[in-house]
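The values are calculated or read from the model by the stated rules, or taken from the named source; none is laboratory data. Predicted model only: the values in this text are computed from it and were never measured. Cβ: placed from backbone, ideal geometry, glycine included. Neighbour counts: every protein chain shown. Please note that ligands, DNA and RNA were not included when accessible areas were found on the heavy atoms of the full protein model with its side chains. Shrake-Rupley method; radii C 1.70, N 1.55, O 1.52, S 1.80 Å.
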Amino acid sequence: MPPAPNATCRYLAEWTATKLRWGLSADQGEIDAINVYADGPCEMTVVHYTPAP
């Protein structure tokens, strides 16, 4: 996670979008971390991505 707390939600959104865009997998630790923030402080953060060609 980024050291600046106010950058956490953006970091997670960009990271998730990159995983989705390129069809990358996530291990259970990554999924658990995403869910902790997605169900809490980053609940209103929206992830937009375009699938890779």
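Name every residue in region 30-44 that is out of contact with any helix residue (DSSP H, G or I) (no Cβ under 9 Å at 6 or more places or on another chain) and either part of a helix (DSSP H, G or I) or hydroxyl-bearing (Ser, Thr, Tyr) (or both), in order of residue number. Hits for region 30-44 are ILE31, ASP32, ASN35, VAL36. Of all residues in region 2-29, those being open to solvent by 90 Å² or more (accessible area, probe 1.4 Å) and in a helix (DSSP H, G or I) number 6.
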